[in-house]
Amino acid sequence: MGENRVSILGGAALPVGKLQGLSDAGTQHLEHEVLAKLVVEALEDAGLEKEDVGSMIFTLPRPYTQQKYFATFMANYMRLPCDGLVMEVMGNGMTPALTFQVAVDQVRLGRTKVALALGINFETGTPSHEHMMSSMRATGDVDFHVPFGYTPISWYAMDAVRYIHEHNSSREDLAMVAVKNRRHAMFNPIAQYRKPMTLEDVLSQRPIVEPLGLFEVPGRGDGAVCLVVAEEDIAKSTGRPYVNIRGEGFFHEGAHQISEIPNDMISFQAAQRAGKKAFTDAGISASDLDLAEVYAPCTIVEVLVAEALGLCPRGQGAQQAASGETALGGRIPICTSGGLLSRGHPAYVTALYSYFELLEQLRGRGGKRQVDQAELALACTELGNYNAAMVHILEAVA
Amino acid sequence: MSLPIIQTEGLRAYPPRMSDFTKSFWDGLTSGYFRTTCCDDCNRPSFPPKPFCPHCWSNKVSWIELTGRGMLYSVTTVHAGPAVFSGDLPYKVGIVDLEEGIRIATKVLDDTALDKPVELVVLSYEDGPLFAARSHLS
């Protein structure tokens, strides 16, 4: 990393849940009201004032959000003139990670000293089978894949089938990831699913994309997050604990869902390459990490990305979830927030929740799910079937 | 070598679009031929067919015919699908590695095990063709 360090100073996140739609009184939650409240909270958390902010990078809202051109609407709603960019970012599941990156880059480029990375994802007013009419066109070739009926998570299901075949694993082994992450979510007040859950509970659900059942795939949720990023000098001047971005890595494998040249689909090459770059950039190795938040919509995905990043040996990711190595208190806790399966997956803001979890952990604010002496953490996000990955390594500064 | 053609009732749930270029593929499929493009410069095939070579970016490509034989790389059964596919639930989709060294995604018709041989067939719907894979005893 260059000399201009960028820090995360503060944040605020809405508890993930189902908020969209009309109440009995005929009222509803409006996106701009919900998000503006979080902006104010996040700035208070950062110890900064409105006048400090010079850029706002938003995640693109879902098409179900009535207010279009949301970023510029919000600039007006909050009456915030900006020298740095005010814009919306889209990149499918990677949307919030790219949003965060653009905000970081605005600070690094000197366009502003303080930028907000923020967004709201409201979608639960639209039923899944209608929602999938859109999402199926984002996770496949419209003319050569979509006509067969692939759904976004059907690709992950095929990863699971391949993994079970190659590593003599089982649905039960993979399902332990869901059980582990539910235990984490029980201690996360903003998690969508917090009731205790056993392996039997997971395995007894109806199938969605075989071998995965209802609790092995993400539920749908609404959510919103605002993060405050700034030059490290600003962070230091607040006198509060903050987090530095110590390393970054991105890689796109030049394929969409599948590679037309047969490859090892479940090696998650993009995560391997992005991870290596981020570790090199940060000057650390995987074994130096205290925790990780990975974008894993299904049980199998956490296993594969953990292996690709070198957090678990190849073929052992599922067993290490079951044995507690990747659980709170274990060797390398993964998804202390509860992950996408239990914390929730409001997709266009999901990665912002990941950075928020690491911000809380690295400032020692994880409550009952706090990782002891957490100093170095990794966030990994993706799009497609991990065809691209973006990795950030974050460091606590007391 | 032509593929088996299976007459299939009804319309395709989500019909593919055709360009002047990809029309050759879909017309060929209607007649039982599974064709794609291969680069005249680097000799590597590509799928879906493209009017250029994605490997070396040459504009010189020719149509070649594929055998439609390969191995099943992975498969899943979809139980919750997009609205237009709700009448087909549950259905199988998979990934097939063709013997010419091309990986494709397609509908799967039976319970073939992974790494076992499959053949492509033409599903001839009332409004046009799709392709699918089924087990092949060689």
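What the table below lists for this structure:
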read-out	value
Spacing of the two label points (7 Å from each Cα toward its C-beta) at B:I5 and A:T27, in nm	6.4
Relative compactness, the stretch A:327-398, computed as alpha-carbon Rg over 2.2 N^0.38 Å	1.10
Nearest-0.05 FRET efficiency for B:R17 and B:S62, computed from C-beta distance (R0 25 Å)	0.60
Calculated FRET efficiency for the pair A:E172/A:D372, C-beta based, R₀ 35 Å, to 0.05	0.70
Nearest-20 debye value, the protein assembly as shown charge dipole, Cβ charges on Lys, Arg, Asp, Glu	420
Peptide-level mean, for A:156-162, of C-beta atoms on other protein chains within 10 Å	5
Over 21 Å [Cα-Cα, the stretch A:198-342], rounded percent	56
Distance between modelled label sites at A:S204 and A:D141, nm, 7 Å Cα→Cβ extension	4.4
Peptide-level mean, for B:125-132, of C-beta atoms on other protein chains within 10 Å	1
Estimated inter-spin distance, B:D127 and A:L214, nm [label 7 Å along Cα→Cβ]	3.3
Residue-averaged beta-carbon neighbours from other chains (10 angstrom radius) around A:125-132	3
The protein assembly as shown: C-alpha pair distances exceeding 42 Å, %	22
About the Cα centre, charge dipole magnitude for the stretch A:242-397 (Lys/Arg +1, Asp/Glu -1 at Cβ), debye	240
Sparse-neighbour loop sites [GluC sites (Glu not before Pro); the stretch B:54-138; at most 13 other C-beta within 10 Å; DSSP]	B:E99, B:E126
Amide H within-cut-off set for A:E382, under 5 Å, with H built and near neighbours excluded	A:M390
Considering only the stretch A:250-398, percent of DSSP beta bridges that pair antiparallel, nearest 5	70
Cα gyration tensor category, rounded, prolate or oblate, for the stretch A:1-149 with a/c compared to 1.5	oblate
Unit charges at the beta carbon, dipole of the stretch B:30-138: most positive-side option, B:L137, B:C53, B:A83	B:C53
Theoretical gain in end-to-end length, A:S259 to A:R111 [0.36 nm per residue, Cα-Cα removed]	49.5 nm
Computed log₁₀ I(q)/I(0) - Debye formula, equal Cα scatterers, no solvent, the stretch B:1-77, q 0.11, 0.27 Å⁻¹	-0.36, -1.25
Prolate/oblate/rounded label for the stretch A:162-270 (Cα gyration tensor, a/c 1.5)	oblate
Share, in percent, of DSSP beta bridges within chain A that are antiparallel, nearest 5	75
Over chain B, volume per residue of the alpha carbon convex hull, in Å³	118
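Where a number appears in this text, it was derived from the coordinates with a stated rule and is not lab data. Keep in mind it's a predicted model, so treat the numbers as computed, not measured. Cβ: placed from backbone, ideal geometry, glycine included. Neighbour counts: every protein chain shown.
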